[in-house]
Amino acid sequence: MASFKTPDGTEWVVAVNVLTVKRVREATGVDVLSLMTNSESLAVLGDYVKLGEVLAAVVLPQLQASGRSVDEFLASLDATVVEQAAEALLRETANFSREPQRSLLLRALDKA
């Protein structure tokens, strides 16, 4: 599993599974499975606010376990963290995909 760290040193694990996909859809309306294949979803990667909301939904169980709010999480994100978190999310989403899409997406990420 991929992860990213916020400036306070907290490591957030990015796990993409059916429950994660469902939770993100319900909380944000974004389908993480189409982030790299759908132009509307791809636009989320350039919108740091929306992407932050997606990331908060992805790590929501960890937020709840730590007693932190979504707003506290969002306040801890800067551009560098968002970029690292987006890469972790894209990599885990690609790994969740079936072949041959998985290999194609991972190669595209490696080139980017």
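List of remarks:
- Taken together, the residues in region 31-60 that are closer than 18 Å to Asn95 by Cβ and either touching a Lys or Arg at 6+ places or on another chain (Cβ under 8 Å) or not in a loop (DSSP other than H, G, I, E, B) (or both) amount to 9.
- Yes/no for Thr80 being in a helix (DSSP H, G or I) and crowded, with 18+ Cβ neighbours inside 10 Å: no
- Among residues of region 43-60 being under 16 Å from Arg25 (Cβ atoms) and open to solvent by 30 Å² or more (accessible area, probe 1.4 Å), the one that is nearest to the chain's Cα centre (by Cα) is Glu53.
The values are calculated or read from the model by the stated rules, or taken from the named source; none is laboratory data. What you see is a predicted model; the values in this text were computed from it and never measured. No Cβ is skipped: glycine too gets one built from the backbone with ideal geometry, and neighbour counts run over all protein chains shown. Keep in mind that these areas ignore ligands, DNA and RNA; they rest on the heavy atoms of the full protein, side chains included. Shrake-Rupley method; radii C 1.70, N 1.55, O 1.52, S 1.80 Å.
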